[in-house]
Amino acid sequence: MGVGCTIHVAESVGVIEEATYSGIILPGAEWHTLKHEGTVARITYRVRVICDHHYYNTTCIKFCRPRNDKFGHYTCDSNGDKICISGWRGVNCEIAICKEGCHPIHGRCDNPGECFCRLGWRGELCGQCTPYPGCKHGYCNGSSWQCICDTNWGGILCDQDLNYCGTHEPCENGGTCENTHPDQYLCRCSEGFSGLNCEVVDNPCVTAPCANGGSCILSGGQFACSCLPGWTGPTCLTNIEECASMPCQNGATCVDLENKFMCECPDGWEGSLCQYDVEECTKDVCVNSISCNNLAGDYQCKCQPGWSGKNCTLNINDCIGQCLNGATCIDLVNDYHCACQPGFTGRNCGTDIDDCESNPCLNGGECIDQIDSFRCICPVDYIGQFCEIDHDYCSPNPCKNGAPCFKTQRDYYCHCPPSWEGKNCTTPKVDCLHPPCNVGFILNSCVDTANGSASTEVCGDHGHCFTFPNGVFRCTCDPGYTGKLCQENINDCNDNPCQNGATCVDKINSFQCICREGWHGTLCTENTDDCNNNPCQNNGTCVDGIADFSCNCDSGWKGKTCSLINGHCDAFTCQNGGTCQDLGYSYLCRCPPYWGGSVCHLAKNNACKPNPCKNGATCVNTGTSYTCVCREGFEGSLCEQDINDCQSSPCYNGAKCTDGVNWFLCECAPGFAGPDCRININECASNPCGHGATCIDKIAFFICLCPPGKTGPTCNEVEEIVLSTGVCQWNRQYFSNGSHWKDECNHCVCNDGVVVCSNVWCGLQNCMHSSNSCGHKQVCVPWLKDGCLSHGCEGWGECRELLNNAKIVGPPSVPTPESCWPNQAILANNCANLYLTVNVQLLGPGVNTETLCNDLRSLLATTHAGLHNVIILCDLKVSSNRTLAVTMWNNETSGDGVQEAVRVIAELISHRQGESNPTSLSAVTEVDVEAGLVPVHEDTNERWWAKPLITVGVLLLPLFICIMYWVRIRPRAPVREHCGRTQEEEKSNNIQNEENLRKYSNPLKDDSTGSVSDIPTRVSIVRPLSTSPNEVLEMINEGGSAEKAGPSHGLLYKSQNPSSNDNINKDFGCKQVNLNVVTPVQRTLRPPNQRTKDVFTVLV
């Protein structure tokens, strides 16, 4: 809002300075600082704009004052907008929000949360209509004040019954009812009945009162029943009891039938009245007997020896308590036979066979008899099963680091110095600086040694596994469980803690008593007070019983609860279909089967007798049925099914699982142990390898890595090769004199006891293989797929160091300086470049740059050049996918080793073109070499002849050029035509050769920065060194000879691969070499300050 302010002093004092500000300042609590630069004074002051109470916005004209009265119920926010109080709505928040669901039309409210119904509507939410007042059997539907009659009702107020017959059923004795008028009816009676409701019986026989086939006879308005034989009583309901005279004899059971009876005879009697004795002995009832004696109603068998039973059919078990020491008893008739275990004899296998009787132990060994075996305790220096081997474990001494060896029984002992430990004193002892320290390995049979994770199945879900130093484990069970693997729930009901016939249900470390009716409490020991709810009425006194009560009634009241006045019985006295009989002073309930108690309220049928549940399950009676509570390990309605604990395959490593009751047993495969066969048995734990050999544990067996000179499964045998002369020892192995072997990429030979190996670096290991994992603080960096030269390449990676707290990956760990790496090499005496052009179509599958590089290293190691410790590195040439960039480097400043390696590699690659068994190097079609030539500064006194020789060379250079020119322009011999080359082809070739010569000569002649005399070394002669199909070219300095070329001497080879595309036209079929062809040699001069070495490039 616009603001204007003026600052001045009172006139009485005098105006010193006056400041006026005009602008826009928004209302708020923030102060705004203003400055005034006057002629007399400089004023700094602060101003702010604040709206009056209840006024808002930037102009302070919006009015809002909170209120809570009949005109509105709201508060104001920071912008001056009205915010309704909860329960109100509307522009001014004057409309109350009714109860949720209140009908919007038929309901209303004056305050929030209310719902008052309008006239004609009812219900909590005013959604129900109100029928017309006085509507008796009617209703309204969607509108108020209606009276829609129910079925069979009529009238304005629905108070007239239109179906009196259906509503009241007034007609008796089969009469037919007709509705005549509203609330009126007519009964049409059946024959023999009359009256308004057919309640008068005119003929008693019409109702067929005689039962069980009796005939009804009418006489004088009364009836009489003539019953059939076997029945009696006024209506023939009583069955005549024919068994009352007890006609059945000899303890037979009489069964009453209709007008007759039947006798059920006991064993040994027969006849209609069971009066005849049965002759059992005539039916051969005695099987293995001596005689049969017939008795009155029975018989007796005299059994043969070894037999028993009623009919002599049971063979007496003569094996009880006879055979000893695990023997198997075979029961015979009146006899037995014991099949003894190995090592025992005698009728009852009670005699232990003395296996030491034959004195099997030799050399004074002591024999210890065992069961079916023996053990020899051998004296010192003797071993073997019979102490037959004379052996001294301390010769040769297996103890290292100066430890003395002591012989023990079947072993040796090394007394280690204080700083060493282990079987052979080869392990440095680590002092415990910060206890507690891990002093050794303890086999943890509770741990899965395959993945190191804790086994959760050893002790199941109800126990905790603890291991002991000897590898044995023990399960500590949770409360309520027992067993070796905590698989068995302890049956807390074994002691029958529940009383008064209650059913005990076993739980985990507890139990529950299901009480019978009338009892309660934890152990069902408390009688339920059935009088607790005061069942006796009319001042009757309640007497509590067991699952029942009785009432002592006063003032003439009768019945179970003193609620009857005319008798003790009514329709509700006896329950569950029982019939009530009034005895005058009391009552008696005649209950149907399976029910009992004073009012037939107790179930007599115990569905759990006999117990239908199997396998020790608990049967819970539920009246007429039952429920089985199974023990752990069983399932099914009757707990008849044993749960297959092997279904989840709990056994590991091919073990066989045997199912038990809530447990399983793992029969481990050889080499494994533990409750679930997770543990790989350490066959090396017993130190089976002798003479300090290293034991490698395998599955069910072990391997001994023997020290030099020892062999055999346990390194107890002496190698024959040790006894021969000129033998070499290498990596714990012996090699005979003159034998060859390969050590990675290097080749080794045994020469009179001395091992001579090539010294070629074999490259970095492929860390993508699981056997070549990287070390601590290293990471495996995979190569790009650009290094793959043919299809099917495997993944390749190299280990690199992690720097700067594992945030940076270091460079490759190669033993060469970065100045001699492929694609970035700086040529020097000891660093050379090779470029191998490869025909990828000739490569086999799975070849990459490292495959070719390893072949180069192996190839170099087969020659004498491999002794120079030459390092070979390879990579794809930049911007080429078929050329391999190779660098060769060693630490010799003279460069002899590198130049010799270049010469040998080039020669061998050329010779491999025609191999019958080609390798990846056979696909190389071109070799390009770049080498640095650094002059060797020698003593001028020793090279006094160098300057004259150089002078002669310079003088002879023009003569050499003329001779070369004359050779080029002289006529060709006729043999050229024999080779098939025309004069035009020769002319073109000569022109090209001259051009090449000018290219190679011009840099030396036209260099304006220096003269020929400034160049320390140059190529002067190019000549072939052999007449083999592979052309060999030698470059010799003018100042040296072919025999001693020095650092500037090199050999280059060219393959006869027809795919090579050169400017030199040679017909190899002619078996001749055009000596006039100058191999392309490029010489590059460097600036004067860098002319310490020369670089030449020869393209082959």
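The values are calculated or read from the model by the stated rules, or taken from the named source; none is laboratory data. Being a predicted model, the structure only gives us computed values, none of them experimental. Note that we place each Cβ from the backbone using ideal geometry, even for glycine, and neighbour counts take in every protein chain shown.
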Pick from segment 250-267, criterion out of contact with any helix residue (DSSP H, G or I) (no Cβ under 7 Å at 6 or more places or on another chain) and buried (at least 16 other Cβ atoms within 10 Å of the Cβ), ranking: modelled with the lowest pLDDT: Asn250
Pairs where the first residue, in segment 43-63, is surrounded by 12 or more Cβ atoms within 10 Å (Cβ to Cβ) and the second is of a type in the set (Lys, Arg), C-beta under 6 Å, 6+ apart: His54/Arg65; Tyr56/Lys62
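Just checking, which of Gly142, Gly87, Gly123 is touching a strand residue (DSSP E or B) at 6+ places or on another chain (Cβ under 9 Å) and at pLDDT below 90? Give the steps one after another, and end with the answer.
Values: Gly87 fails: at pLDDT below 90; Gly123 fails: at pLDDT below 90.
The conditions single out Gly142.
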Hits in segment 728-756 (condition: in a strand (DSSP E or B), charged (D, E, K, R) and either over 46 Å from the mean Cα position of the chain (by Cα) or buried (at least 16 other Cβ atoms within 10 Å of the Cβ) (or both)): none
Test result for Thr238, in contact with a Lys or Arg (Cβ under 6 Å, 6 or more places away or on another chain) and loosely packed, with under 15 Cβ neighbours inside 10 Å: no
Qualifying positions in segment 152-178 - within 30 Å of Cys126 (Cβ to Cβ) and either within 60 Å of the chain's Cα centre (by Cα) or touching a residue at least 12 places away in the same chain (Cβ under 8 Å) (or both): Trp153, Gly155, Leu157, Cys158, Asp159
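Kindly indicate whether any position in segment 553-562 is small (Gly, Ala, Ser), farther than 30 Å from Gly633 by Cβ, assigned to a loop (DSSP other than H, G, I, E, B) and touching a His at 6+ places or on another chain (Cβ under 6 Å). I'd like the intermediate steps shown before the answer.
Here is the first cut: in segment 553-562, the residues small (Gly, Ala, Ser) are 555-556, 559.
Among the residues that remain, those that are also farther than 30 Å from Gly633 by Cβ are: 555-556, 559.
Subset that is assigned to a loop (DSSP other than H, G, I, E, B): 555-556, 559.
Retained after the next criterion (residues that are touching a His at 6+ places or on another chain (Cβ under 6 Å)): 559.
Among the residues of segment 553-562, at least one is small (Gly, Ala, Ser), farther than 30 Å from Gly633 by Cβ, assigned to a loop (DSSP other than H, G, I, E, B) and touching a His at 6+ places or on another chain (Cβ under 6 Å), which makes the answer yes.
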Some residue of segment 219-236 being part of a loop (DSSP other than H, G, I, E, B), under 30 Å from Cys189 (Cβ atoms) and in contact (Cβ under 8 Å) with a residue 24 or more places away in the chain: yes
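One residue is enough: does segment 347-370 have a residue meeting the conditions within 28 Å of Cys706 (Cβ to Cβ), under 52 Å from the mean Cα position of the chain (by Cα) and small (Gly, Ala, Ser)? Talk me through it step by step, then tell me what you get.
First, the residues of segment 347-370 that are within 28 Å of Cys706 (Cβ to Cβ): 362-363, 365.
Subset that is under 52 Å from the mean Cα position of the chain (by Cα): none.
Looking through segment 347-370, none of the residues is within 28 Å of Cys706 (Cβ to Cβ), under 52 Å from the mean Cα position of the chain (by Cα) and small (Gly, Ala, Ser).
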Answer from Thr725, Thr658 - the residue that is surrounded by fewer than 16 Cβ atoms within 10 Å (Cβ to Cβ) and not in a loop (DSSP other than H, G, I, E, B): Thr658
Filter pass, Asn315 being within 30 Å of Tyr299 (Cβ to Cβ) and either of a type outside the set (Asp, Glu) or surrounded by 15 or more Cβ atoms within 10 Å (Cβ to Cβ) (or both): yes
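For segment 666-679, check the following and say yes or no: at least one residue is within 26 Å of Cys493 (Cα to Cα) and touching a residue at least 60 places away in the same chain (Cβ under 8 Å).
Among the residues of segment 666-679, not one is within 26 Å of Cys493 (Cα to Cα) and touching a residue at least 60 places away in the same chain (Cβ under 8 Å), which makes the answer no.
One line per residue, one yes/no per condition, for (1) among the β-branched types (Val, Ile, Thr); (2) within 60 Å of the chain's Cα centre (by Cα):
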{"site": "Arg108", "(1), (2)": "no, no"}
{"site": "Asn111", "(1), (2)": "no, no"}
{"site": "Phe116", "(1), (2)": "no, no"}
{"site": "Leu119", "(1), (2)": "no, no"}
{"site": "Glu124", "(1), (2)": "no, yes"}
{"site": "Gln128", "(1), (2)": "no, no"}
{"site": "Gly134", "(1), (2)": "no, no"}
{"site": "Trp145", "(1), (2)": "no, no"}
{"site": "Ile148", "(1), (2)": "yes, no"}
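How about segment 270-388: which strands (runs of 3 or more DSSP E) wholly inside it have at least 1 residues that are among the aromatic types (Phe, Trp, Tyr)? Spell out how you get there, then give the answer.
Working: elements: 289-295, 298-303, 328-332, 335-339, 366-370, 373-377.
The strands (runs of 3 or more DSSP E) meeting that bar are 298-303, 335-339, 373-377.
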From the options Cys589, Cys569, Cys574, residue that is surrounded by 17 or more Cβ atoms within 10 Å (Cβ to Cβ), free of Cβ contacts under 8 Å to residues at least 40 places away in the same chain and not in a loop (DSSP other than H, G, I, E, B): Cys589
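Based on what the data block shows, is Lys710 of a type in the set (Lys, Arg) and surrounded by 13 or more Cβ atoms within 10 Å (Cβ to Cβ)?
Numbers: of a type in the set (Lys, Arg): yes; surrounded by 13 or more Cβ atoms within 10 Å (Cβ to Cβ): yes.
Yes: the conditions hold for Lys710.
For the structure I just gave you, tell me whether Pro112 is buried (at least 17 other Cβ atoms within 10 Å of the Cβ) and part of a loop (DSSP other than H, G, I, E, B). Can you show your working first?
Details: buried (at least 17 other Cβ atoms within 10 Å of the Cβ): no; part of a loop (DSSP other than H, G, I, E, B): yes.
No.
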Given (1) farther than 18 Å from Arg516 by Cβ; (2) touching a Pro at 6+ places or on another chain (Cβ under 8 Å), number of the condition Gly616 does not satisfy: (2)
